[in-house]
1. In the structure displayed, which of K426/K588; K180/K663; K336/K485; K180/K678 lie more than 26 Å apart, Cα to Cα?
2. Between region 272-348 and region 678-708, what is the C-alpha centre distance in whole Å?
3. Throw me the Rg/Rh for region 29-125, computed over C-alpha atoms with Kirkwood Rh, two decimals.
4. So what J values fall out for region 156-173 if you push phi through Karplus, 6.51 cos²θ - 1.76 cosθ + 1.60 with θ = phi - 60°, rounded to Hz, Gly and Pro as x?
5. Rounded to whole Å and ordered largest first, report the semi-axes of the equivalent ellipsoid of region 545-761 derived from its Cα gyration tensor (root of 5λ).
6. Looking at region 397-545, what % of the alpha carbon pairs are farther apart than 23 Å?
7. Given the -39500 (n - 2.57) contribution per DSSP H run of 4+ residues, what per-residue ellipticity at 222 nm results for the chain, rounded to the nearest 500 deg cm²/dmol?
8. For region 284-331, report the % of Cα-Cα distances exceeding 17 Å.
Amino acid sequence: MIELLQGGAYLVGGTEIVEEGEQAGAAIAARTGKAVAKEEARKNTMAYGILEEHNTSGNMDKLKIRFDKLTSHDITFVGIIQTARASGLTRFPMPYVLTNCHNSLCAVGGTINEDDHMFGLSCAKKYGGVYVPPHQAVIHQFAREMLAEGGGMILGSDSHTRYGALGTMAMGEGGPELVKQLLNQTYDINLPGVVGVYLEGAAVKGVGPQDVALALIGAVFQNGYVKNKVMEFVGPGVASLSADFRIGVDVMTTETTCLSSVWQTDDTIREFYDIHGRVDAYRELKPGQVAYYDGMIKVDLSKVRPMIAMPFHPSNTYTIEELNANLGDILHETEKRAMVSLDGAVAYSLQDKVKNGRFLVDQGIIAGCAGGGFENICAAADILKGSYIGSDGFTLSVYPASMPVYMELIRNGCAATILETGAVMKTAFCGPCFGAGDTPANNAFSIRHSTRNFPNREGSKLQNGQISSVALMDARSIAATAANKGVLTPATDFDGELGRYKYHFDSKIYANRVFDSHGVADPDVEIQFGPNIKDWPAMGALPENLMLRVVSEIHDPVTTTDELIPSGETSSYRSNPLGLAEFTLSRKDPEYVGRAKEIHRAEEERMAGGHPCQVLPMLKEVMGTVKERFPEANHTNTGFGSTIFAVKPGDGSAREQAASCQKVLGGWANIAHEYATKRYRSNLINWGMLPFLIEEGELPFCNLDYLFIPGIRKAVEEKDEVIPAYVVGEEGLKAFDLRLGELTDEEREIILKGCLINYNRV
């Protein structure tokens, strides 16, 4: 089904793979009649061409990217605009779309939700942007319909910003990277590697895009095969896939930890743009005659079967057939993994879902940027036709990704077919993806065509003794399961016909409701603030020395951003930095906030001109130990704050809140063996936090230890590769080494000044 080549490979004529090796040059010359140097072949990928067009540095090894367009949703745009305003924003220098697809807030209620929306609308008017009201479209569907263009680049503050199937290289990053674009700065990265994804064959009936995506994720996530690289989809199998199918695979590439994606384009994609009234946005993309890839993934589409990603990660993949044939073993293995993810905080069992040898699920959801596409829902309707979901506990909800999609489902009758089964259709909303809609019952098991299934992302709260879980599946197999009253069923068991439905895009829906400034700013507009919308607190520059207290120690193999700052009800405080920070690590380490605040009070006292020991007497003893070796260290040149250790933090969401919440609580650093994604590391840097690395092995420190890092400011300034640090203990100082990894000059300056806001103010 999926084969990963070991090493690089050349693609010749878009159809033939030549593996890198001693004979590669001769093989290529025999096929093309000429020799092609590896470095020249690198330039023949689609990704290289797009990056070159958007690079402003003049150096393709060190990229400084200016994007064409930006997009954010209402979990992130308030913080982004507030940061940009504090940094001197006067107008949006490029199209910036503000969507409102995270519009159901479940903890606080009141006016908070709509206050944020009116803030967004007034900012779109003042600075010259686009505002998409609630229920009109989820962020990525609107971008596909109205923003994507061949050869373009879009930066979004949601991690699933992926429009590669349409020929757009899109990236999901934390808010500060969008702030930089709004301030006419650049996105700075080394030239990324490019991995080819060679598609051949055609998908069999019942297999959908989520099946292909999960098979890919399962093959590459653990081994890091595509980490921080661009996935480039090529090969004869691309032509066999509809535009919707390609989009459904593409959006899930985020879960591989790749940087971005791009696909070769053809008349199928031209037709997509034409349907949406934007045929001029189409551009044919294909690799050059000989293109070199840093890796190659071969996918035989004909061998892909309906897949399921078991809790609590999209990479925990099996075929549904394999799961049903080995229920006891796989469910037991899932339960074992769950105990690691859940830290044993609650009892978790899947064995009780097995009745008479069949696995019964409690809920089905087809939703959002991954599942809510037109073809997915039409296929689900065909599979459900003539069935009903039953009157027991099983439920099915369907969320079309945009109002134009919803309208077409009404017009072609598929909506009626679905509703007749007892299922519910709802408006465009990302709730099932971030824990603010259709949270299952305690101990319930949900199957979802959505993006993620991290612990508690569906909305359950460990701190309240709750646990429910999600498995990812394709809409087709979810429909087959629903038609079977909740018995887990692959869509390949469906023996009926799946229709081919023509899509008609109704642009009047957006024309009648979406505010579009057409790039014209109106500086006289007053921004509308609600009482919960707060400014960022003041943040100090990096001091000469640092005294850090370790306030959380996490040894999970991977720590997601959802664990660092939970989604769902916490988003009620998305516009209030200090309010949101109260939820930091709340589901992973409930003691974190109190511990971070304690050491932060010492720093606040120091910054106010007082003595830290007045509020935290323990520091007198700690600093006394330090002074025995570093007598020059004192509260005037030493900052006090917190740090956390995690093995591999940052998988998942692009929300910079995972970093900013630590920062406003006094966090100065993270310590890790590795960072799961570039975007989380970038978020730390942009909020003035040190992304420390430490060698694998036994840690030299424990939770609640004090760590002294002398001369840290000088070390950052002078680009020291190794940074000496010390554990402060009863027996004195114990030395160990930290590293920062590669940092650009701009990133160093941001850290030195304390955060991106300070960098732009000073």
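Since every read-out is calculated from the coordinates, none of them should be taken as a lab result. Not measured: the values here are computed from a predicted model. Positions of Cβ are generated from backbone atoms using ideal geometry, with glycine treated the same way; all protein chains shown enter the neighbour counts.
1. Working: K426/K588 32 Å; K180/K663 19 Å; K336/K485 28 Å; K180/K678 16 Å.
Exceeds cut-off: K426/K588; K336/K485.
2. Taking the Cα centre of region 678-708 as reference, the centre of region 272-348 is 30 Å away.
3. On the way: Rg = 21.5 Å, Rh = 17.3 Å.
Expressed as Rg/Rh, it is 1.24.
4. Karplus values, whole Hz, x for Gly and Pro: x, 8, 10, 5, 8, 6, 9, 10, x, 4, 9, x, 9, 8, 10, 9, x, 9.
5. Details: eigenvalues 125, 74, 64 Å².
Output for region 545-761: semi-axes of 25, 19, 18 Å.
6. Values: 6483 of 11026 pairs.
The share of Cα pairs beyond 23 Å in region 397-545 comes to 59 percent.
7. On the way: 28 runs with 236 residues, N = 762.
When only DSSP H runs of four or more count, the value is -8500 deg cm²/dmol.
8. It works out to 58 percent of all Cα pairs.
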